[in-house]
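Notes for the one structure printed next.
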Amino acid sequence: MNASAAKSVTLYEVGPRDGLQNEKQAVPPEVKIEYINRLARTGLRFIEATSFVKPGAIPQLQDAAEVMSGIERPDSVNFVALVPNQRGMQAAIDAGLRTIAVFTAASDAFTQKNINCTVAESLARFADVFALAREHSIRVRAYVSTVVECPYAGRIDPGAVLQVSQKLLDMGAYEISLGETIGVAVPDDIARLLDALLSDIPADKLAGHYHDTRGTALANVMRSLEYGLRTFDASSAGLGGCPYAPGAAGNVATEDLVYALERSGYETGVNLVALAEASRYILENMQRASVSRVYATIPQQN
């Protein structure tokens, strides 16, 4: 790895999907479209825009096709959607996406609550998704949730995370996003997890997806950097939560992560002022306050 690559970090913005999915108040599709368009002008290279799930499963995302048809698509941005099955994959193909994400967990109890199947059954369901992805030259990213602790099954053995991650890579996933879903982990938890994974999986195949329920997500990112991870998921203004993990907060706020990384000498390519303006737009429309500490320090633009 050359010096410039070693100091470059990729941020994977999940605000439009993971940030909004748990909102009870409907966010109109035109607001989501403008929010995504603003995020796309910040320098972010990956934006997870929506999820092609059944409308009844996550009502907030039932406008996925409308949102994807309405957004601007600059060449510099990779837009991504979460897909649960073959039907969702076909919708993603119809929307012209070149990257999609699939979702499972390291805990059977969590997948049973979330998608009504075991981890093994979820992997079997993905077979058709991966086949269509190969046929259409679409890249597949894979989320593995509950990598440290499950709200239903308790602590998770890192070996279980390794097993499911390796199976997803063998199926064709280009990257595994490690979901610390409920935000209980401290840096030592992340270190134990990565000690187990990196014996078999290269660091450039892993991303950190750390929820900030207890204020430790940023510290977990910094520990992960020491292990060689260079891709992290984040949610603008810290929006979000998990419908199947009661009490979980959103991912680490993108503003906080950009500030910490840039201050530490890493390059993100993200304009912090433009990012704050995108966050301000969605927060004002949702009548919500930001949980990002850095966001509160950035002057509003006239």
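Data table
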read-out: Single residue of Ser137, Ser107 found to be in contact with a strand residue (DSSP E or B) (Cβ under 8 Å, 6 or more places away or on another chain) and either of a type in the set (S, T, N, Q) or surrounded by 15 or more Cβ atoms within 10 Å (Cβ to Cβ) (or both); value: Ser107
read-out: Pair list, Cβ < 6 Å and 6+ apart or interchain, from the range 228-243 residues that are more than 9 Å from Val14 (Cα to Cα) and modelled with pLDDT of 95 or more to residues that are part of a strand (DSSP E or B) and of a type in the set (Ser, Thr, Tyr); value: Thr231/Thr10
read-out: Any hit, the range 75-91, residues being surrounded by fewer than 23 Cβ atoms within 10 Å (Cβ to Cβ), touching a helix residue (DSSP H, G or I) at 6+ places or on another chain (Cβ under 8 Å) and aliphatic (A, V, I, L, M); value: yes
read-out: Output for the range 1-48, where each listed residue is modelled with pLDDT under 95, hydrophobic (A, V, I, L, M, F, W, C) and out of contact with any Leu (no Cβ under 9 Å at 6 or more places or on another chain); value: Met1, Ala3, Ala5, Ala6, Ala26
read-out: Sole exception among (1) free of Cβ contacts under 8 Å to residues at least 40 places away in the same chain; (2) more than 17 Å from the chain's Cα centre (by Cα) for Leu193, by number; value: (1)
read-out: Listing of strands (runs of 3 or more DSSP E) fully contained in the range 133-245 that carry 1 or more residues being of a type outside the set (Ser, Thr, Tyr), over 17 Å from Ser107 (Cβ atoms) and touching a Gly at 6+ places or on another chain (Cβ under 8 Å); value: 139-145, 231-234
read-out: Selection from the range 113-139 of residues that are free of Cβ contacts under 8 Å to residues at least 24 places away in the same chain and more than 16 Å from Gly88 (Cα to Cα); value: Asn116, Cys117, Thr118, Ala120, Glu121
read-out: Filtered residues of the range 34-53 (kept if more than 16 Å from the chain's Cα centre (by Cα) and outside any loop (DSSP other than H, G, I, E, B)); value: Glu34, Tyr35, Asn37, Arg38
read-out: Flag for Leu11 being surrounded by 21 or more Cβ atoms within 10 Å (Cβ to Cβ) and not in a strand (DSSP E or B); value: no
read-out: Sole exception among (1) more than 17 Å from the chain's Cα centre (by Cα); (2) closer than 19 Å to Asp212 by Cα; (3) crowded, with 18+ Cβ neighbours inside 10 Å; (4) hydrophobic (A, V, I, L, M, F, W, C) for Ile182, by number; value: (1)
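The values are calculated or read from the model by the stated rules, or taken from the named source; none is laboratory data. Quick caveat, the model's predicted, so the values are computed rather than measured. Quick reminder, even Gly has a Cβ in these numbers, built from the backbone with ideal geometry, and neighbours come from all protein chains shown.
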